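Inspection log for the structure reproduced underneath, given as structure tokens.
The values are calculated or read from the model by the stated rules, or taken from the named source; none is laboratory data. Remember, it's a predicted structure, so these values are computed and weren't measured experimentally. Every residue, glycine among them, receives a Cβ derived from its backbone with ideal geometry; neighbour counts consider all protein chains shown.
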Amino acid sequence: MAEEKMTTNQGYPIADDESSLTVGSRGPTLLQDFQLIEKIAHFDRERIPERVVHAKGAGAFGYFQVYKLMSRYTKAKFLQDPEVKTPVFVRFSTVAGSKGSADTVRDVRGFATKFYTQDGNYDLVGNDLPVFFIRDAMKFPDLIHAVKAEPHNNIPSSSTGHNNFWDFVSMTPESTHMLTWVFSDRGTPASYRKMEGFGVHAYKWVNKDGKAVLIKYHWKPKLGVVNFDRHEATRIAGEDPDYLTRDLWEAIERGEFVEYEMFVQMMELSEEERQTFDPLDPTKTWPEDKFPLMPVGKMVLDRNPENYFVQVEQAAFCPANLVPGIEFSDDKLLQGRTFSYLDTQRYRLGANFAELPTNRPLVPVANNQRDGAMQCQIFPGSINFNPSSRGGPMTTPVASYTPHIEGKAVREKIHKTDDFTQAGERYRAMDRTEAMHTVENFVADLKGVTVKEIQRRAIENLRQADEGLATSVAEGLGLEM
């Protein structure tokens, strides 16, 4: 292999990369030292804005294979042929902490999958827990403001144990179900390889005849679900803050490839209004005895990134990245995410972020979007508009589900809320150890709250879910019910 010669960004050969150009060996540096200026100027610009949420993450490449033809439910091409291996990229992440935070802190974990399909990129952007804190995107900035460090002192930087978070969630009863998940040991997973994933939202699968069905996604790890308790998670955060990132990387390097199985729950559109809960509410799960899990395919992660910044930090996901055969539901939180994710990537990475390596589809892309910062494509010819009588990309009919929508434009909450039933069922379904840890985790976090009224309000929400849970938490805090 020929020795690689060092050059500037313009190809000028570099003879000395350790010494500035100065007047004599001890004199001042000259402005004409273009090598020094280029090197320092580029270094000053090496960082891009970190994600507001999901800032710290790890990624891996692999493939997805469907088990059998899914044409009865969806025309999405990557869900048809069991012989086809669809390339994927997956990014795992924490949500609340910054890039320098520890992997094992109590938090939700992101589980985002990019499928490089025959119809373009499909992004399934989910979490490791099946529900979320809120049900309307209007409240998302408030949730994240509240969960982050308090603005006057930037404390605590990676914990929810403070007044702002508990003030918000105690004033937002719909969060109660999510709290029973994140404050169990599921809030401190032991490995990205041993962690479930969920699409959280309901989506529509649509077949070639235009028939739609509501679905929810589930990822099940082949190695099973393994979590840390609070004490072990805290210890590891101090000893190895990159523990989950290291675990994923080293396993793949050893050839221990990571496998998950995809399942979906299905609900006919005619069944949507018959449920006692709103099936589009992301604070709710669908009962598996009524809507059983159907196996769809497997995903194998077998390749680590070669460069973290280019392939992982610059990775851009968005729930709006769909393929024919998969469509949105009317979930209010999902509808807001379809804008928010694309908007944040344009801010972080620029208008042409889709041309970066991890984000680029494997299929040809053709439209009349042009120019912008860091444009890499060369567009031959004079046509950059449509319609045109002189060529250019042509539109292609895409059949989709066409619902009939009628109603007044209103700002209203959904009608079926019931913020506490599933939260109580979740707690009562825990085994004794998990229930005990959940109580201890609530107590440990609520001890960081200095306003007693906020603590009491949080306990009252827990009481409406389960009297025993609330009593145990109150006792741990030294409060009377």
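Residue selection: Met430 satisfies the criterion of being within 29 Å of Asp278 (Cβ to Cβ), of a type outside the set (Val, Ile, Thr) and within 28 Å of the chain's Cα centre (by Cα).
Among the residues of the stretch 111-118, are any of a type in the set (Gly, Ala, Ser) and more than 20 Å from Arg193 (Cβ to Cβ)?
No, there is no match, as no residue in the stretch 111-118 is of a type in the set (Gly, Ala, Ser) and more than 20 Å from Arg193 (Cβ to Cβ).
Restricting the stretch 89-129 to residues that are over 15 Å from the mean Cα position of the chain (by Cα) and assigned to a strand (DSSP E or B), the residue that is farthest from Ala190 (Cα to Cα) is Gly120. Leu69 - would you say it is part of a loop (DSSP other than H, G, I, E, B), within 27 Å of Val206 (Cβ to Cβ) and either among the hydrophobic types (A, V, I, L, M, F, W, C) or touching a Leu at 6+ places or on another chain (Cβ under 6 Å) (or both)? Spelling it out, Leu69 is indeed part of a loop (DSSP other than H, G, I, E, B), within 27 Å of Val206 (Cβ to Cβ) and either among the hydrophobic types (A, V, I, L, M, F, W, C) or touching a Leu at 6+ places or on another chain (Cβ under 6 Å) (or both). When you check Phe78 against the structure, is it among the hydrophobic types (A, V, I, L, M, F, W, C), assigned to a loop (DSSP other than H, G, I, E, B) and at pLDDT 95 or above, yes or no? Taking the combined requirement at face value, the residue does not satisfy it. Here Phe61 meets each of (1) in the same structural domain as Gly120 (by TED's automatic domain parsing); (2) in contact with a strand residue (DSSP E or B) (Cβ under 9 Å, 6 or more places away or on another chain); (3) surrounded by fewer than 13 Cβ atoms within 10 Å (Cβ to Cβ) with one exception, condition (3).
Among the candidates Asp119, Asp123, the residue that is touching a residue at least 40 places away in the same chain (Cβ under 8 Å), touching a strand residue (DSSP E or B) at 6+ places or on another chain (Cβ under 7 Å) and within 21 Å of Trp205 (Cα to Cα) is uniquely Asp123.
Given the options Met374, Met430, name the one that is out of contact with any His (no Cβ under 7 Å at 6 or more places or on another chain), assigned by TED's automatic domain parsing to the domain that holds Ala458 and outside any helix (DSSP H, G or I). Lay out the reasoning, then the answer.
Values: Met374 fails: assigned by TED's automatic domain parsing to the domain that holds Ala458.
Every option except Met430 fails the conditions.
Ala474 fulfils the conditions (1) under 15 Å from Thr180 (Cβ atoms); (2) in contact with a helix residue (DSSP H, G or I) (Cβ under 9 Å, 6 or more places away or on another chain) except for a single criterion, (1). Pro387 satisfies every condition listed in (1) surrounded by 11 or more Cβ atoms within 10 Å (Cβ to Cβ); (2) more than 29 Å from Leu349 (Cα to Cα) except (1).
Only one residue in Pro357, Pro403, Pro364, Pro380 is more than 20 Å from Leu322 (Cα to Cα) and either within 27 Å of the chain's Cα centre (by Cα) or surrounded by fewer than 14 Cβ atoms within 10 Å (Cβ to Cβ) (or both). Which one? Walk me through how you get there before you give the answer.
Numbers: Pro357 fails: more than 20 Å from Leu322 (Cα to Cα); Pro403 fails: more than 20 Å from Leu322 (Cα to Cα); Pro364 fails: more than 20 Å from Leu322 (Cα to Cα).
When all the criteria are applied, what remains is Pro380.
Can you name the residue in the stretch 283-318 that is without any contact (Cβ under 8 Å) to a residue 60 or more places away in the chain and touching a helix residue (DSSP H, G or I) at 6+ places or on another chain (Cβ under 8 Å) and is also nearest to Thr245 (Cα to Cα) among such residues? Looking at the filtered set, the residue picked out is Val310.
For residues that are in a helix (DSSP H, G or I) and within 28 Å of the chain's Cα centre (by Cα), scanning just the stretch 444-481, find the one that is surrounded by the fewest Cβ atoms within 10 Å (Cβ to Cβ). Even if it seems obvious, please write down each step before you answer.
Let us first name the residues in the stretch 444-481 that are in a helix (DSSP H, G or I), namely 444-446, 452-465, 467-477.
Narrowing the set further to residues that are within 28 Å of the chain's Cα centre (by Cα) leaves 444-446, 458, 461-462, 465.
Details: Ala444: 17, Asp445: 23, Leu446: 23, Ala458: 27, Asn461: 21, Leu462: 28, Ala465: 23.
It comes out as Ala444.
Scanning the stretch 406-428 for residues that are exposed (fewer than 13 other Cβ atoms within 10 Å of the Cβ), touching a residue at least 60 places away in the same chain (Cβ under 8 Å) and of a type in the set (Lys, Arg) yields a single hit, Lys413.
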